[in-house]
Amino acid sequence: MKKLLVFGLICLAFALIGCGEDNGGSGENGGNEPSGTLDELMDQVMEAAEIPFPVIRFTREQLEERDAFAYYLGTENLNIADVLVGDAVITRAFELALLRLEPGSDVNAAITDIRNGLDPWRWICVGIGDPDRDIIVEARGNLIVIIMDNEFAQDLQQAFRDL
């Protein structure tokens, strides 16, 4: 009887593990959300992608002061827990943004809103030549990355996926 009870508990444990939520894989809304502050994660992504130019960072408070959510994120209608935006200090079409959405947020809807609202020519003198290739919006868990760059977009994307 004792063996049957232990066997039943083991089966139950496997069933619960097997039925758990799986964000699976990398790419759009895939993989587990990496841990760490947005500053730490941005440092890791920038370092792994070997970005050779200086980037200024804007926090949520700075974006609120400048009323710049739509400018950098493509929309103001996001349920954001935290955000950090990196913009090139030099004249270059570049953005790297990390957004952590509130738990329970619709990540896929947020990705669609962001993607549809981003302006590939917002820098006026420079822009993203191939938006389909060089504008990337994807998530790992509730962490969304926005990447806009003509040269390093795929490197930044891979660095984000490797976090």
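Filtering segment 121-132 to residues that are crowded, with 17+ Cβ neighbours inside 10 Å and within 21 Å of the chain's Cα centre (by Cα) leaves only ILE128.
In segment 76-147, counting only strands (runs of 3 or more DSSP E) that sit wholly within it, the ones holding 1 or more residues that are without any contact (Cβ under 8 Å) to a residue 40 or more places away in the chain and closer than 24 Å to GLN158 by Cβ span 80-88, 135-140. On the given criteria, is ALA109 surrounded by 12 or more Cβ atoms within 10 Å (Cβ to Cβ) and more than 13 Å from the chain's Cα centre (by Cα)? Considered against the rule, which asks whether it is surrounded by 12 or more Cβ atoms within 10 Å (Cβ to Cβ) and more than 13 Å from the chain's Cα centre (by Cα), ALA109 comes out as yes. Report yes if GLN158 is in contact with a helix residue (DSSP H, G or I) (Cβ under 9 Å, 6 or more places away or on another chain) and free of Cβ contacts under 8 Å to residues at least 24 places away in the same chain, otherwise no. The answer is no for GLN158.
Quick note: the coordinates plus some simple rules give every number you see, no bench work behind them. Just so it is clear, the structure is predicted and the values come from calculations on it, not from any experiment. Every residue, glycine among them, receives a Cβ derived from its backbone with ideal geometry; neighbour counts consider all protein chains shown.
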